[in-house]
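Here, each number is a calculation from the coordinates, and none is a lab measurement. Given the structure is predicted, the values throughout are model-derived calculations rather than measurements. With ideal geometry, Cβ positions are generated from the backbone for all residues, glycine too; neighbour counts draw on all protein chains shown.
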Amino acid sequence: MVVQGLHVLAGVVWAGGQVVMGVAVLPALLRLPPREARVLLDALGARVGPLMALSGMAVLVLGILRGTWLGPVRSLHVLLETPYGWTFTAAIALAVVGAVHGSRSEARLAALFEGEAFHPAAGRRLAADAGFVVSVVVGLVACMVLMHFGL
Ligand code: HEM
């Protein structure tokens, strides 16, 4: 119960944070003068970066505990040969993909600028990033729904 509650809480913070940053906050920064956008981006990164890293790690660790220690994935047979095990593996893979993507955000955000100006492709890059992040989150939520029904 505690593990499940903390898992859901961390999941909501991580997934919500990813979607709001990708879909709303970062695109809004492109409407600011580039110099101000850079200052705000640095300030946001200092706060949002650790929160996303911590909540993302918590989602993964607590999710693994929920599925193994407190769930049905107690053998390689269940992991490799049942729909629940496949969905569980897919959730871990998606979370790792999301974590790797997140860990590279600093470089991707730096690429939004070209000297003192925005890079001409900044808007397109942010839109592609947001699409990627939303896809990972939707995939993860789909996995949670499937596992809820034992699949
Ligand atoms: C976007 C990130 C995630 C969110 C928002 C999320 C959310 C949730 C929610 C709301 C539940 C409760 C479902 C229910 O009551 O039936 C749940 C259950 C669960 N989650 Fe996640 N989760 C996320 C990521 C993960 C990951 C990465 C894993 C794997 C490591 C995982 C493993 C599990 C397991 C095993 C359950 C129990 C499913 C069951 O047997 O009913 N979750 N999650």
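Per 0.36 nm of contour for each residue apart, how much would the distance between Gln4 and Trp69 grow if the chain were fully extended, relative to their Cα-Cα spacing?
Details: separation 65, 0.36 × 65 = 23.40 nm, distance 1.18 nm.
Gain on stretching Gln4 to Trp69: 22.2 nm.
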**Message:** Run the simple label-point estimate for Leu76 and Leu54 please: 7 Å along Cα→C-beta, distance reported in nm.
**Reply:** 3.8
**Request:** Over all alpha-carbon pairs in the chain, figure out the percentage whose distance exceeds 20 Å.
**Result:** 52
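Subtracting the Cα-Cα distance from 0.36 nm times the residue separation, let me have the gained length for Val138 to Val25 in nm, one decimal.
Net length gain for the segment: 38.8 nm.
With +1 on each Lys and Arg Cβ and -1 on each Asp and Glu Cβ, and nothing else charged, work out how big the dipole of the range 2-148 is about its Cα centre, in Debye to the nearest 20. Before the final figure, lay out the partial values.
Working: 10 positive and 7 negative charges, 16 e Å.
Its charge dipole is roughly 80 debye.
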**Request:** Could you grab the relative contact order for the chain? Cα pairs under 8 Å, six or more apart, rounded to a whole percent.
**Result:** 34
**Prompt:** What residues qualify as long-range amide H neighbours of Phe113, i.e. H under 5 Å apart, gap of 5 or more or another chain, H built at 1.01 Å from N?
**Reply:** His119
**Message:** If I stretch the segment between Glu114 and Thr89 completely, what's the gain in nm (0.36 nm per residue apart, minus their alpha carbon distance), one decimal?
**Reply:** 5.0 nm
**Item:** Low-density loop positions, GluC sites (Glu not before Pro), the range 40-122 - DSSP coil, at most 16 other Cβ in 10 Å
**Value:** Glu116
